[in-house]
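**Q** Here's a structure for you.
The values are calculated or read from the model by the stated rules, or taken from the named source; none is laboratory data. Small disclaimer: the values here were computed from a predicted structure and weren't measured. Note that each Cβ is placed from the backbone with ideal geometry, even for glycine, and that neighbours are counted across all protein chains shown.
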Amino acid sequence: MSGNVIQDKADQRAREESMKAIREIFLKLVEQIKNKEEPSLVIKKRTLSNTIYDPKRKLLLLGNQKLVRKLFDESEARTFMQTVLMARIIYEALKNNEYPTIRDLFYRGKHTLPYTSPRDRFKNTWEEQKESDAVLRDVEVLTNKLREEMLILSKEKGKVVGDMRLRSGNDIIDLSKMGHGAYAIESTPDLIEFVDYSADYVLVVEKDAVFQQLHRYGYWRKNKVILVTSAGQPDRATRRFVRRLNEELKLPVYILADSDPYGFYIYSVFKIGSITLSYESERLATPKARFLGVTMSDVFGDDVPLNEIYITPEESRIGNPEKLRREKKERFLKALKDLGYKGKLSKEPFMTSEERKNFIIRAKEQDLERAVELVGDKVYKAFAGEQLKTTRSGKKSVKKSPGYQWFQEPKWIKEIGIFFLTHSKLEIEAMASKGLKFLAEEYLPKKIETKDYLD
Amino acid sequence: MAETTNESFRQMSPAEFFYRNKEIAGFTSASRAMYQAVREFFENSLDATEVHGILPRVTVQISREDPNNPDFFTITVEDNGIGIPSTVIPDAFGRVLFSSKYKLRQTRGMYGLGAKMAILYGQQNTGKPFEIFSSTPSSKKVYYYKLMIRMDKNEPLVLEEGEWPKSSGWHGTIVKLTLEGEWSKRTKDYISVYLKRTAIIAPYADIIFISPSIEGEGKEPEITLYRRVTTKLPAPPKETKPHPIGVDLEMLKMMIAERPSANMKDFLMRSFQRVGEKKAEEILEKAKIDPRRRASTLTEKELESLYKAIKDTKFIAPSSESLSPIGEDLIKIGLKEVLQAEFVDAVTRKPKSYGGHPFIVEAGIAYGGKLLENLDEIAKDSLKGQQGPYVALLRYANKIPLLFDEKADVIWSIANSEEFSWKTTYKLEQTDVVAVLVHVASTKVPYKGVGKESIAPVEELRKEIEAAVQEVARRLRVYLTKKRKKQEAQEKLRLFMKYIPEIAQNLAYFVTDGKELREASKSLERELLEMAKRKVRAQLEQPEELTHIVPVALPVAEQEGSIEDPSTSEEEEE
């Protein structure tokens, strides 16, 4: 970075506010020490038990459980030291107009400590980035400032194109003039200023390759779309950017992800937030985001053909496969009814049986586990029945999981039920393989037109 | 023993009787005979000194004097005791007597009997006479005798005698005995262990032991020295009359023989402790014997009913004046000095009695420091057979170390680590070694066998021993808890000290906004260090009880990160 960079105002303001927040918290510690009180920090717990789903706002939020981190407690002295160290490094970087990455923070803080106790096995302030990342999160919770606001950078991952102009730093960027490339969503999306745009909705594509295809196909221009990709798991910047598009510009947001439990989960992260980062859900999550596809019913339709119902090799050896498949289908229908699904089961698939044969991938054990994690073991049992208590390997029994509340709505239960029934998944690329034209001209517009999405 | 077998003495020379029963006195093998002989003379020496208020200095020397007989060993024991009047020397050593007085007090041995046994044993195999030099404090001369015992006649045979005027104030006794023995590691261990254990309970004594090298001829003799480390002597025991409950029929007869002309009431009152006028009358009424009857006129039947009447009467517990405990201070001094332990403590229990015999139990404990390397060979052997925590038992009866038959002893049955909760209740580690000293002082120690090497499990005694060991073990626990707490506190302080400078430096940055860090940092560091020390100190001052209920495992702080969602970890990889 050259020396005479003109700091834009947004940047400067963020710096000052973050510095103030950090200074306030840590000067309190100094105050405690001066008053001969043992220094302690009160931090909201970032644990599963303290992660709460707010069904009204449809957000994963941090609860009110707090932990008191004390210096004079053997088991916490080290983390206490790390928290203070991290705060100082961030503060110093802010003060010096720097933009450290989380890796930088790790290296800046890592140094050897004096050897005083044979019982303490640690030599350095921190040994791994995992440790510094953890206290960084604590500093975020403590100061109520996100790392983006503290101008900490991470690798840019998300990309965006569309008929839109925005201001980043001192430049105006035209997102419609990116050529074959795209604008990389910066680590500090809050410093972006939306200048003007012309769009009807936002389409977030999980897969970068599909994003590129749609971009080159001119999808966004034709359909007045702001096209975003998270290139896999969405990073914080992409989530924040999408949230701002939805919140500030009132643009509907559609998510396009793989038709499998991982794809569903990515949607969930955009929409609700993740457990690790539940403290930032309020700023990062987009509760109104919709799951456009690819749904299981897009692939199989509501009426899964009997011969595509999955049976394990063991099952086919034991009983009559036809009979078994019929039983499974019946159980599927009964479970749907029992679990509160009241809609019709009349949806037609976007793929023929023949196409499915080519594009479908068999689900793996971990896909199954993740699906159970999403809907909970009770729903799983309702679909799978008693004889499927164990997974296909016959070894591990399904882990107990309460499931996520927002996946236990009938529409989602149907989708995941079809997954349990067919043990199949489909990547978006497969839709594109059927023909990019099909994806861009048929599948996407039709889905949006007919409001064929989940939310 | 002497009391109950006097009938036999009349048919056989007592000397002969004893010699035929030498095994009873411990002369079972060449090795044991040497050990036993040293013991008899050494104990006589202690009885001639400490009981009379003299700080003992005893030298024991074993040497080969006869080049033609390498198996002949001369044992010389010299003390600075009260000496023996010249006129009684030949009889004291040359005649096996039975005691005529039935006064009781706790002494190490039955005076003289064992020594005469040793003399008989020595002369029988070597044909060598016994030599003695002695002088009493008031005597102006030193007397010398060379004598043998005529076994058939139970008489001393004086071979030589002499006397010298004393040029110094020396008093004491030097005895020289030659016997056929064996100088092996075993013999050496017996005698060394015996002297070492005696040194532990007699830190007021100078004990010098000069012995041949085990390696063989021509080597320099080895000298072991236990230096006097205190001038405090234990209070000597007082002679007391027997307690009625402890008396048997035979003894009763002999006591009557001593006061034949007394009337029965007087006899009872004067011969026994705890018997006053009322008690005497009560007994005689029960026995239907006229109080005015002369003691010697009682018939066998009347004696039996008298004996029964005594047993049926309740008395105050026997007096413990006749007992001479070692005392807590001396045990502590001795353990500390001889074992060089890090922690020692001792307890002397209150006197108790069983069957009319008073007794006192004392216990000592030693832990840590150079304990292990200073333990004697017999204790080390015992440790080898244990599983840990290891207990080195130092047993004493009337101040005599008991070296053999450890596992048969009631003390072992109480203190061994399978029985005693050294680990669970008393917080010792599996690998810890602890020395436990137990002393039973009594006018009659209930030995288990004729060897007098182990104590029988008499309930009253067992209870006392257990209580004594528990008491010292508890004190050790208090010490260990304190010590561990201190270590933990230090450990904690060091841990805080590791992080404090770092914390101070970083916090100082907020105070000064990055300028002039040093000053602010140092001041914060000082404050924090003070706080850490206060914190640790406060923890040290918690009473012991509190630390016991603290769970062993520290509560583990909720592990952050462990619940982190694996699918979101990508976000953090930069």
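**Q** In the stretch B:161-196, what residues are in contact with a strand residue (DSSP E or B) (Cβ under 9 Å, 6 or more places away or on another chain), over 23 Å from B:Ile62 (Cβ atoms) and not aromatic (Phe, Trp, Tyr)?
**A** B:Glu161, B:Gly162, B:Glu163, B:Pro165, B:Lys166, B:His171
**Q** So if I check each of B:Ile174, B:Ile207, B:Ile214, which one is assigned to a strand (DSSP E or B), in contact (Cβ under 8 Å) with a residue 12 or more places away in the chain and farther than 20 Å from B:Gln340 by Cβ?
**A** Details: B:Ile207 fails: farther than 20 Å from B:Gln340 by Cβ; B:Ile214 fails: assigned to a strand (DSSP E or B).
Result: B:Ile174 is the single residue among B:Ile174, B:Ile207, B:Ile214 that is assigned to a strand (DSSP E or B), in contact (Cβ under 8 Å) with a residue 12 or more places away in the chain and farther than 20 Å from B:Gln340 by Cβ.
**Q** Looking only at the stretch B:298-307, decide whether some residue is touching a Lys or Arg at 6+ places or on another chain (Cβ under 8 Å), of a type in the set (Lys, Arg) and on the phi < 0 side of the Ramachandran plot.
**A** No, the stretch B:298-307 contains no residue that is touching a Lys or Arg at 6+ places or on another chain (Cβ under 8 Å), of a type in the set (Lys, Arg) and on the phi < 0 side of the Ramachandran plot.
**Q** Residue by residue through the stretch B:226-271, note down the ones that are assigned to a loop (DSSP other than H, G, I, E, B) and at pLDDT 90 or above.
**A** B:Arg227, B:Arg228, B:Val229, B:Thr230, B:Thr231, B:Lys232, B:Leu233
**Q** To continue, here is another question. Within the stretch A:56-66, does at least one residue satisfy the condition of being within 8 Å of another protein chain (Cβ to nearest Cβ) and under 28 Å from the mean Cα position of the chain (by Cα)?
**A** Filtering the stretch A:56-66 for residues within 8 Å of another protein chain (Cβ to nearest Cβ) gives none.
There is no residue in the stretch A:56-66 that is within 8 Å of another protein chain (Cβ to nearest Cβ) and under 28 Å from the mean Cα position of the chain (by Cα).
**Q** Can you confirm whether the stretch B:194-213 contains a residue that is assigned by TED's automatic domain parsing to the domain that holds B:Phe17, surrounded by fewer than 18 Cβ atoms within 10 Å (Cβ to Cβ) and over 21 Å from B:Asp79 (Cβ atoms)?
**A** To start, the set of residues in the stretch B:194-213 that are assigned by TED's automatic domain parsing to the domain that holds B:Phe17 comprises B:194-213.
Subsequent filtering for residues that are surrounded by fewer than 18 Cβ atoms within 10 Å (Cβ to Cβ) retains B:206, B:208, B:210, B:213.
Remaining after also requiring over 21 Å from B:Asp79 (Cβ atoms): B:213.
Yes, the stretch B:194-213 contains a residue that is assigned by TED's automatic domain parsing to the domain that holds B:Phe17, surrounded by fewer than 18 Cβ atoms within 10 Å (Cβ to Cβ) and over 21 Å from B:Asp79 (Cβ atoms).
**Q** Next up: With respect to A:Lys123, determine if the residue is surrounded by fewer than 18 Cβ atoms within 10 Å (Cβ to Cβ), within 14 Å of chain B (Cβ to nearest Cβ) and in contact with a strand residue (DSSP E or B) (Cβ under 8 Å, 6 or more places away or on another chain).
**A** Judged against the criteria, A:Lys123 is a match.
**Q** Okay, moving on. For the stretch B:326-336, give me the residue count where each residue is surrounded by fewer than 23 Cβ atoms within 10 Å (Cβ to Cβ) and in a loop (DSSP other than H, G, I, E, B).
**A** Final tally of qualifying residues: 1.
Okay, residues lined up against (1) within 14 Å of another protein chain (Cβ to nearest Cβ); (2) touching a helix residue (DSSP H, G or I) at 6+ places or on another chain (Cβ under 7 Å); (3) not in a loop (DSSP other than H, G, I, E, B):
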site	(1), (2), (3)
B:Gly451	no, no, no
B:Pro457	no, yes, no
B:Glu464	no, no, yes
B:Arg474	no, no, yes
B:Lys492	yes, yes, yes
B:Phe496	yes, yes, yes
B:Gln505	yes, yes, yes
B:Arg518	no, no, yes
B:Glu530	yes, no, yes
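**Q** OK, next. Does A:Arg57 satisfy being in a loop (DSSP other than H, G, I, E, B), in contact (Cβ under 8 Å) with a residue 24 or more places away in the chain, crowded, with 21+ Cβ neighbours inside 10 Å and not hydroxyl-bearing (Ser, Thr, Tyr)? Outline the logic, then answer.
**A** Details: in a loop (DSSP other than H, G, I, E, B): yes; in contact (Cβ under 8 Å) with a residue 24 or more places away in the chain: yes; crowded, with 21+ Cβ neighbours inside 10 Å: no; not hydroxyl-bearing (Ser, Thr, Tyr): yes.
The answer is no for A:Arg57.
**Q** Here are A:Lys44, A:Lys20: which of them is touching a residue at least 24 places away in the same chain (Cβ under 8 Å) and within 12 Å of chain B (Cβ to nearest Cβ)? Don't jump to the end; show me each part of the working.
**A** Working: A:Lys20 fails: touching a residue at least 24 places away in the same chain (Cβ under 8 Å).
Just one listed residue meets the conditions, A:Lys44.
**Q** Here's another thing I want to ask about it. Report, by residue number, each residue of the stretch A:184-218 that is assigned to a strand (DSSP E or B) and surrounded by fewer than 20 Cβ atoms within 10 Å (Cβ to Cβ).
**A** Initial filter on the stretch A:184-218 (assigned to a strand (DSSP E or B)): A:184, A:193-197, A:201-205.
A:Ala184, A:Glu193, A:Phe194, A:Val195, A:Asp196, A:Tyr197, A:Tyr201, listed by residue number.
**Q** Restricting attention to the stretch B:402-435, which residues are within 17 Å of B:Ile360 (Cβ to Cβ) and either under 10 Å from the mean Cα position of the chain (by Cα) or surrounded by 24 or more Cβ atoms within 10 Å (Cβ to Cβ) (or both)? Reasoning before the result, please.
**A** Within the stretch B:402-435, the first condition is being within 17 Å of B:Ile360 (Cβ to Cβ), and the residues that meet it are B:402, B:410-411, B:414.
Passing the criteria: B:Leu402, B:Ile411.
**Q** Here's another thing I want to ask about it. Can you tell me which of A:Tyr254, A:Tyr219, A:Tyr265 is among the hydroxyl-bearing types (Ser, Thr, Tyr) and within 14 Å of chain B (Cβ to nearest Cβ)? Explain how you work it out, then say what you get.
**A** Numbers: A:Tyr254 fails: within 14 Å of chain B (Cβ to nearest Cβ); A:Tyr219 fails: within 14 Å of chain B (Cβ to nearest Cβ).
Among A:Tyr254, A:Tyr219, A:Tyr265, only A:Tyr265 is among the hydroxyl-bearing types (Ser, Thr, Tyr) and within 14 Å of chain B (Cβ to nearest Cβ).
**Q** Test A:Lys250 against the criterion of being free of Cβ contacts under 8 Å to residues at least 12 places away in the same chain and surrounded by fewer than 23 Cβ atoms within 10 Å (Cβ to Cβ), and give yes or no. First the steps, then the outcome.
**A** Values: free of Cβ contacts under 8 Å to residues at least 12 places away in the same chain: yes; surrounded by fewer than 23 Cβ atoms within 10 Å (Cβ to Cβ): yes.
For A:Lys250, the condition - free of Cβ contacts under 8 Å to residues at least 12 places away in the same chain and surrounded by fewer than 23 Cβ atoms within 10 Å (Cβ to Cβ) - is met.
**Q** I would also like to ask the following. Quick check: anything in the stretch A:279-293 surrounded by 22 or more Cβ atoms within 10 Å (Cβ to Cβ), within 14 Å of chain B (Cβ to nearest Cβ), in contact (Cβ under 8 Å) with a residue 12 or more places away in the chain and hydroxyl-bearing (Ser, Thr, Tyr)?
**A** Yes, the conditions are met somewhere in the stretch A:279-293.
**Q** Only residues that are within 22 Å of the chain's Cα centre (by Cα), closer than 14 Å to A:Glu355 by Cα and either modelled with pLDDT of 90 or more or assigned to a loop (DSSP other than H, G, I, E, B) (or both): list them for the stretch A:427-455, please.
**A** A:Glu427
**Q** Here's something else I'd like to know. Need the failing condition index for A:Lys130 against (1) exposed (fewer than 15 other Cβ atoms within 10 Å of the Cβ); (2) more than 21 Å from A:Glu16 (Cα to Cα); (3) more than 11 Å from chain B (Cβ to nearest Cβ), just the number.
**A** The failed condition is (3).
**Q** Now a separate question. Mind listing whichever residues of the stretch A:76-96 are outside any helix (DSSP H, G or I) and at the interface with chain B (Cβ under 8 Å from one of its Cβ atoms)?
**A** The answer is A:Glu76, and nothing else.
**Q** If you scan the stretch B:66-91, which residues turn out to be under 18 Å from B:Leu147 (Cα atoms), surrounded by 14 or more Cβ atoms within 10 Å (Cβ to Cβ), out of contact with any Lys or Arg (no Cβ under 9 Å at 6 or more places or on another chain) and aliphatic (A, V, I, L, M)?
**A** Passing the criteria: B:Ile84, B:Ile89.
**Q** Taking the options B:Glu560, B:Glu571, B:Glu564, name whichever one is of a type outside the set (Ser, Thr, Tyr), modelled with pLDDT under 90 and assigned to a helix (DSSP H, G or I).
**A** Values: B:Glu560 fails: assigned to a helix (DSSP H, G or I); B:Glu564 fails: assigned to a helix (DSSP H, G or I).
None of the others qualify; the one that does is B:Glu571.
**Q** Looking at A:Tyr99, A:Tyr115, which is the one that is among the aromatic types (Phe, Trp, Tyr), within 30 Å of A:Glu206 (Cα to Cα) and either facing chain B (nearest Cβ under 10 Å) or assigned to a loop (DSSP other than H, G, I, E, B) (or both)?
**A** On the way: A:Tyr115 fails: within 30 Å of A:Glu206 (Cα to Cα).
Result of the check over A:Tyr99, A:Tyr115: A:Tyr99.
Yes or no, residue by residue, for (1) crowded, with 17+ Cβ neighbours inside 10 Å; (2) modelled with pLDDT under 90; (3) of a type in the set (D, E, K, R); (4) not assigned by TED's automatic domain parsing to the domain that holds A:Met19:
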| position | (1), (2), (3), (4) |
| --- | --- |
| A:Ser75 | no, yes, no, no |
| A:Phe80 | yes, no, no, no |
| A:Tyr115 | no, yes, no, no |
| A:Pro118 | no, yes, no, no |
| A:Met150 | yes, no, no, yes |
| A:Glu156 | no, yes, yes, yes |
| A:Arg167 | no, no, yes, yes |
| A:Asn170 | no, yes, no, yes |
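**Q** How do the helices (runs of 4 or more DSSP H) wholly within the stretch A:228-314 filter down when requiring 1 or more residues that are closer than 27 Å to A:Leu345 by Cβ and among the polar types (S, T, N, Q): which remain? Reasoning before the result, please.
**A** Numbers: elements: A:236-249, A:261-271, A:281-284, A:296-300.
Per the criteria, A:261-271, A:296-300.
**Q** List every residue pair whose Cβ atoms lie under 7 Å apart, where the two residues are 6 or more positions apart in sequence or sit on different chains, the first residue falls within the stretch B:233-257 and is over 25 Å from B:Lys399 (Cβ atoms), and the second residue, located anywhere, is polar (S, T, N, Q).
**A** Here the result reads B:Glu250/B:Thr4; B:Met255/B:Ser271; B:Ile256/B:Ser296, each pair linking the stretch B:233-257 to a residue that is polar (S, T, N, Q).
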